[in-house]
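What follows is one structure encoded as structure tokens, with my remarks underneath.
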Amino acid sequence: MNTNDLIENLVRGLKPVAPLWRPGRRAVAWSVCAAFYLGILVVAMSAVRADADGVGMGFWVSQIAAVVTGLLASRAAFTSVVPGLPKHSRVWAGLAALVWLGTLVASSPWEFDWATVLAASHEWLCVGFIVIGGAPLMLVLAVMLRRGAPVNPGATAAFAALAVGVLANVGACLSLPHANSAITFAWHGGVVLALVSVAALAGRLVFGWNLARSPSIVDGGPRG
Amino acid sequence: MTDGTPPNDSLGELMRAAQQGDGASYRELLRTITPRIRQIIRRQRGFAGIAEVEDLVQDVLLSVHTVRATYDPARPFVPWLLAIVRNRLVDGARRYARISRREIHVDEEEVTFSEPEANDDIGDVEDAAALREAVRALPEGQRQAIELLKLKELSLKEAAEVSGASVGALKVATHRAMATLRRTLGKRRE
């Protein structure tokens, strides 16, 4: 089809659209929803709450670092679906993730053996909380992100998974508080890293271009 | 500047009006940016033919249309547009590489009925009904390729759009169909 005809068809099919909210505002909106949802989940899980003794300052510092990481990662995800915006929000989110992992390492006693770490079957509950509990958050975030432009699908999906993973991790830690250890680092950090890796690889499948190739646009279609 | 629009960003103003549903502004915007997009694509894809460049231009226009809500009127328009163009160019290159890997290139055969060379071996078929029958007996894909390319004389691109098959698949189907017709009509003559 001729490009001039395409332009005429696009003009004919033009409908008013509201500009998307800015990334920071969208990130705050999603994070507030996530906080409510995780709060409800934590309260619902209080029946299985473990003994909170031994939870020290390091635990709370790592939770704060995780919340900050979640906010920055969601902002980076929302920024990545707006063409032409600078990429520094990704750097901040990446640094925050490193700080979060650093707080886990710094507050953990590092006398352990890998067999004990890997055999910590009680951590499957945390993994379940992060993956299954985080799924609705990921779904909402994906729907919001798909309203943007998929110019960096891998990065979009990776930062979305990081945001969901670390915030769901906070929910898991508040439901089942325990002092930070190599087990927490390996299991919580590992599952978040796995989520981010899978999302980065699958990003193009979820956030591909969905061009408006309806017959009315491409062929002219029925008019009027 | 009180409304947040960057100064001298006339394209941004047109897009802002387009977001509000102003068709005339949208037409002006698209007509203004199309030659610039075409120029960028030609510069980046020096090896691409006219049709391929035009395909990419249309891809960018459709992308701009689809994600026009992501344009923030408070920001300059050109970086927003360039990010989309860059992305569509990368996607186009990726698509091209994928298709090239799948396609089978065959040498151009003299398969046009109007070419004398093509009629050397079947041009002397006295019985037109035999030819029609031979075409009818071809497998579906080969028959469709012959009908579209040789009888209706569509271009490869047009035939690909009509049939849904790729250009490469149509070339292969035509090549095979011509070989089958030669065999069938040759046997009939013997």
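So which lysines pass the test for B:Lys157, namely a Cα distance under 18 Å, with those fewer than 8 places away in the same chain ruled out?
Leaving aside lysines fewer than 8 places away in the same chain, those within reach of B:Lys157 are B:Lys171.
Compute for chains B and A the buried accessible surface, both sides summed, probe 1.4 Å, and express it in Å² to the nearest 100.
3000
So what's the gap between the Cα centers of segment A:176-205 and segment A:67-115, to the nearest angstrom?
Result: 11 Å between the Cα centres.
Let me cross-check B:Phe47: its accessible surface, 1.4 Å probe, with only protein heavy atoms counted, in Å² to the nearest 10?
Answer for B:Phe47: close to 140 Å² accessible.
Treating only the Cβ atoms of Lys and Arg (+1) and Asp and Glu (-1) as charged, compute the dipole magnitude of chain A about its Cα centre; round to the nearest 20 debye. If you can, show how the numbers build up before the last one.
Values: 14 positive and 8 negative charges, 232 e Å.
Using Cβ point charges on Lys, Arg, Asp and Glu, chain A gives about 1120 debye.
For segment A:18-24, what does the Karplus curve 6.51 cos²θ - 1.76 cosθ + 1.60, with θ = phi - 60°, yield as ³J(HN,Hα) per residue in whole Hz, taken in order and with x for Gly and Pro?
7, x, 4, 4, 5, x, x
If we count trypsin sites (Lys or Arg not before Pro) as exposed when they sit in a DSSP loop and have at most 15 other beta carbons within 10 Å, what is the longest stretch of chain A that avoids them all?
Here the longest segment lacking exposed loop sites spans A:148-212.
Once the Cα atoms of helix A:134-145 and of chain A are each reduced to a long axis, what angle between those two axes, in degrees from 0 to 90 to the nearest 10, is obtained?
30
Whole-Hz ³J(HN,Hα) for each residue in segment B:156-169, computed from phi via Karplus 6.51 cos²θ - 1.76 cosθ + 1.60 with θ = phi - 60°, x for glycine and proline: what do you get?
So the Karplus estimates, Gly and Pro as x, are 4, 5, 5, 5, 5, 5, 5, 8, x, 8, 6, 4, x, 5 Hz.
Keeping all protein chains in the complex and leaving out DNA, RNA and ligands, what accessible area do you get for A:Leu72 with a 1.4 Å probe, in Å² to the nearest 10?
Looks like 60 Å² after rounding.
If you take the beta carbon distance between A:Val32 and B:Arg136 as r and set R0 to 51 Å, what does 1/(1 + (r/R0)^6) give as a FRET efficiency, to the nearest 0.05?
With R0 = 51 Å, the Cβ-Cβ based efficiency is 0.15.
So, in nm, how far is label B:Arg45 from label A:Val43 when the simple model puts each one 7 Å beyond its Cα toward the Cβ?
5.6
I'd like to know which of A:Met45, A:Ala27, A:Leu193 lies farthest towards the positive end of the charge dipole of chain A, counting +1 on Cβ of Lys and Arg and -1 on Cβ of Asp and Glu.
Result: A:Ala27.
Distance in nm between label sites at A:Ala135 and B:Ser166, each 7 Å beyond Cα in the beta-carbon direction?
3.6
Return the distance in nm (one decimal) between the two label points of a simple spin-label model at A:Asp113 and B:Thr32, each offset 7 Å from Cα along Cα→Cβ.
The modelled label-to-label distance comes out at 7.3 nm.
Can you list the residues in segment A:1-29 whose accessible area drops by at least 50 Å² when all protein chains are present, compared with the chain alone? Use a 1.4 Å probe, heavy atoms only.
A:Thr3, A:Leu6, A:Ile7, A:Glu8, A:Leu10, A:Val11, A:Leu14, A:Val17, A:Pro19, A:Arg22
May I ask you to rank A:Thr116, A:Thr103 by accessible area, largest first, using a 1.4 Å probe over the protein chains only?
Per-residue accessible area, sorted high to low, gives A:Thr116, A:Thr103.
Which percent of the accessible heavy-atom area of segment A:122-196 goes to carbon and sulfur, probe 1.4 angstrom?
Carbon plus sulfur share of accessible area: 81 percent.
Please give the per residue accessible area of segment A:54-175, computed with a probe of 1.4 Å over protein heavy atoms only, in Å².
43
Under 8 Å for C-alpha pairs, at least 6 residues apart: give me the relative contact order for chain A, rounded to a whole percent.
32
The values are calculated or read from the model by the stated rules, or taken from the named source; none is laboratory data. Bear in mind that the values here come from a model prediction, so they are computed numbers and not experimental data. Note: ideal-geometry Cβ built from the backbone for every residue, glycine included; neighbour counts use all protein chains shown. In case anyone asks, the SASA skips ligands and DNA or RNA and just uses the protein heavy atoms, side chains included. Shrake-Rupley method; radii C 1.70, N 1.55, O 1.52, S 1.80 Å.
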